[in-house]
Every structure is written in C-alpha cells, then in structure tokens.
Amino acid sequence: MEEVKTKRTEEKLKPKLFSVMKNYSKEQLVKDIVAGIIVAIIALPLSIALALASGVRPEQGLYTAIVAGFIVSFLGGSRVQIAGPTAAFATIVAGIVATEGMDGLIISTVIAGILMIIMGLCRFGGLLKYIPGTITTGFTFGIAVTIVVGQIKDFLGLTFKNSPIETLDKLKEVGLCIGTFNPQALLIGVISLAVLILWPKKLEKIPASLIAVLLCSAIVKITDMNVNTIGDLYTISSAPPKFTVPEVTFARVKALIPNAFTIAVLAAVESLLSCVVSDGMIGSKHRSNMELIAQGCANIGSALFGGIPATGAIARTAANVKNGGRTPIAGMVHSVLVLIILLLLMPYAALIPMPTIAAILFIVAYNMCGWRNIRNTVKTAPKSDIAVLFVTLILTVVFDLVVAIGAGLVLAALLFMKRMADVTEAHAWIDVDDEETDPDNITLKKIPDNTRVFEINGPMFFAASDKYKYILDDKKIDVLCIRMRNVPAIDATGVEALMSIVKDCERKKRKVVFSHVNEQPMHAMEKAGFIEKVGKENFCDHIDTALARAAEIEAQMAASRKTA
C-alpha cells in the first residue's frame, strides 16, 4: 500500500511550490531570501558570459535568468531548482543565431518548450534515464571543448579577419591571426583566472566570478589598458524583457525541428540531472514530469521575452542549497533581484573586460567537462561504451549536437542490441548439464522418448532471431517442449520466430508445448494468437507439467498410429 502511495505521489503533476507552502515559516522565508540574493550575485556574471558565448547580447542572458528562472521556480517539480542559461546550450545557440537569426532561435526554443510540455504530460520523465551516460559524458566534454576554443580569441585579445561559426574554423582562425595577440588582454585574462581559481579556497561565500569582474573592470578602467570591454563590442540595454513574436512559416518550423529536438532533450536531461543532484543534497524527491512541464513553459516564456534556452543549472542550484534555500521562493527571489540589477546597474556591465568573460567561461568549461568520468570510463568500461563516448565527443566538436546525439544514440542502440544478442541462446537439454543447485535440473526429470526439450535464455528480439533456427533440425521427435523461464521479454520478431517454429511443427505433424512463459512474453503471444494456435492446454507453468503433457501427447499419437 505504501509503494502504491509513493508511486502516486511521484506521478503528481503539481508544482512543488504549492506543496511546500502548507508548512512555510518566517524562518525559512529569511533563509530563502538570503539564498536567493547570493544565487543572483552568482548568476549575474555567468548569465552575461553565457549570453556572449551564445552569440547574443549580454542582457539576453539576464532575460533568461529572470523569466525562465521565475517560471521554473513557480511551476517546477523541485524544491530548490535554479534555472537559467547554461554552458550546455552555448554552442547550439550560437550556431542557430549565426545561421537562422534571432527569429530562428525563438522559434526553435518555443518548439522545444512545447516538446518538453508534451514529454511531461506523457509521463516521459522516467524515460530520460535510458539515455546512456556515455552519450551525456561525450557531448558534455565536447561542449566544454567548443566553449574553450570559442574564448581563445578574447582571452588573447586577437583580432579575427573572418567570423567563423564552426569550432575547427575558429581554431584555424586563431592560428591565422595569432600575430594580433594583445599582451595586455592576456594579462587581464590571467589575473581573472587566478582570482577564479584561488578565491574560492579562502572566501567561498562571495562568488569568485563577481570579484574577478569587479577587480579586472577597475584595473582596466583606472589604468586605461588597451583591452576590449563588453561596451566596446556590444550596446548595453537596461530595458526590461519585452514580449516578441517572430514571423512563423511552416517551412521554417519544419527546418528548425532538429534544433528544437536537441534543445528539448538537452534541457530535459540537464534539468532532471540537476534535480537528482539536489535531491541528494536535501533528502527530497522531485516530480520529474512536473519539472519537464515547467522547463517547457520556461523556455517558451524565455524565448518570447528575448531570452535564450534555459535549463536547471547544477552549480547555481547547489549554491542555493548550500546557502539555506529549501523552497522555490529562493529561486523566485533570485529572478526578481536579477531584474532589479538589470534595471538599475546594467550600464556598468559595459566596463567588464572581455578576457575576464573568457576566463569565467574557461572555468565553466572545466567544471562541466567531466574529465574524471572520461578517465574512469576509459579504464573500466567495455570498448563499445568507450566508442560511443568518443564518437559523441568528436562529432560534437567537429559538427554539432544534433549530429552527435543522433549518431551516439544510434551507435549505442546497435551495440546494446549486439550485446543482448550475444547473451541470448537456445540449447537442447540433452547437450548440456544444469547447475547442481538447480532444483529443476532436467537430468533429474524423465523426458518422454519422442520429446525434445529446448531452453531459451535471454530476451527474444530481432537481433537474436537467427539463434532459434536450429531448434527445428531434429527429425526424430513428436513433441517439442520449449522452456522459457529465462526469457524476460520478446519483441515482434521473436514472436514471429516462435510462430514459424509452431507452423513448421504443424507441417511435420509435431506438437509444441511451452513451459514457464513469463508475463510479458505471454501477453505478446496472446496478442499474436498463440493460445488459439497451440492450444491453452499446451502452455504449462512448470517443466514437470510440460513433460507430463508431452507424455500425454505422445501416448495419443502412438494410439492414433496403431489405429491407422
């Protein structure tokens, strides 16, 4: 009864906010406000940096934190999730903006939001765990590489002759323009990196990125160094988010669906991963389907109000938890404070040096790359998993996420099917011995003279269908007994293989008896008409019953021959 109740709770499509407010206290309100303020301070430089890495204006990162952050906290299925722009989207957003413009990005993000809402309503939250970890690790490291390559220009103060989009083209342009290297930009970048690396070891409470921004902005302003700032390259706006509707055509929607699908899958995976991490930190349980719906609404809202794709941000969520945030109120406070900063302090963002932005993104890339996971995979995982990881990684860098995730999933599925086919077998019990510990050891049973017993082990699916053909080779039998106690699942091709065995036995005037068919295979066989074809009396729940039935059939057939 308790398990049923837990399941129902997990399946609720009810925002966590509405649940936690029943027992909300003034003490928790104070903690949530403090946590929201600290997270907003962390989100400010990150949102600007990620917007620039995504090829959009700096304020658009803040729009994302404001709109998407508030909606996810208000509607989400997690107590402490903080949403906003993340590094995972930087590459794909930059590619869409460069090729399709802002309208293309808005349409892609809105479609992605709709897809995520549908995923939540269809209860797909639990299915995302079936995306192999090697694919997630591969494209995450690939994204980190693309971010680093994309920031070399600003970190070294280079002047590009062209505006390359692809990662390898950017790397090539770095080599061609290395002669424009600016030592002063490099100095500011190194100082920023030193602050970002060393500051958290002393004062973790104050975000290192904020200190790096304030210190390096002051140095560049006071010394009048020849270093590009955000204001030199972009027009800074302190206007609040405004509702925008792009021009939509069927042809454009069709063309943008692959990008939308990638955004939806990426946002869903990263958001639910962040929820799982935060659950472990606070001992709670998120509602995955409600979280998907909230993320879908948030991405639609972000896109229509000038933002970029958003998802749950693991680092900001962890900071929220560490500073006392325990309800969605903290995330809502974070969004409101970012809005206030946008309205009152945004002009000062023009003073932030571009090498500092590059240094912040270097640290973001390092933190997200998961190099330890790759090291452990290479050491311990099968070669097939390593192949999936590196194929996904390389395709992410060379092409894009759409190609990488698609190829990674196809390769992982093919290798998984091969692995399952390798462990699936069918053998005659006359050829092998059971384990001595098996109470149903077939050598202890009396098998009727003209009966042959075969056992199938492993899932019966199309990749293993050829392994059942030799069951039909024996010509000296009247009854074929197929033991299926170790078959957990069967697909249409497996059912077809069994049906061909039954039909062949019919032609050769043989009978087929099934022993211990599990629930899923039995259901599939019922739908395929096996019960009527073979006869309900020939489906037995145990090998003893099946052998008794085989003996009965042999006796009937012997009597029939004598009569003939």
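One table, with the values for the structure above:
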| item | result |
| --- | --- |
| Boolean, ALA194 is surrounded by fewer than 15 Cβ atoms within 10 Å (Cβ to Cβ) and either touching a residue at least 40 places away in the same chain (Cβ under 8 Å) or part of a helix (DSSP H, G or I) (or both) | yes |
| Flag if VAL174 is closer than 30 Å to VAL220 by Cβ and not polar (S, T, N, Q) | yes |
| Identity of the residue in region 115-132, surrounded by fewer than 16 Cβ atoms within 10 Å (Cβ to Cβ) and not aromatic (Phe, Trp, Tyr), that ends up farthest from ILE42 (Cα to Cα) | CYS122 |
| Complete set of residues in region 492-545 that are assigned to a helix (DSSP H, G or I), of a type outside the set (A, V, I, L, M) and closer than 17 Å to CYS481 by Cβ | ASP504, CYS505, GLU506, PRO521, PHE530, LYS533, LYS536, GLU537, ASN538, ASP544, THR545 |
| Odd one out for ASN486, checked against (1) under 17 Å from ASN538 (Cβ atoms); (2) at pLDDT 80 or above | (1) |
| Out of THR140, THR167, THR134, THR86, sole residue that is at pLDDT 85 or above and polar (S, T, N, Q) | THR86 |
| Single match in GLY138, GLY175 (criterion: closer than 30 Å to VAL410 by Cα and of a type outside the set (A, V, I, L, M, F, W, C)) | GLY138 |
| Search result, residues across region 334-351 that are hydrophobic (A, V, I, L, M, F, W, C) and modelled with pLDDT of 90 or more | VAL336, LEU337, VAL338, LEU339, ILE340, ILE341, LEU342, LEU343, LEU344, LEU351 |
| Answer from THR180, THR134 - the residue that is among the polar types (S, T, N, Q) and within 26 Å of PRO258 (Cβ to Cβ) | THR134 |
| Filter pass, ASP169 being on the phi < 0 side of the Ramachandran plot and touching a Pro at 6+ places or on another chain (Cβ under 8 Å) | no |
| Some residue of region 284-299 being farther than 27 Å from LEU196 by Cα, at pLDDT below 90 and surrounded by fewer than 21 Cβ atoms within 10 Å (Cβ to Cβ) | yes |
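The values are calculated or read from the model by the stated rules, or taken from the named source; none is laboratory data. Note that this is a predicted model, so its numbers are computed, not measured. Positions of Cβ are generated from backbone atoms using ideal geometry, with glycine treated the same way; all protein chains shown enter the neighbour counts.
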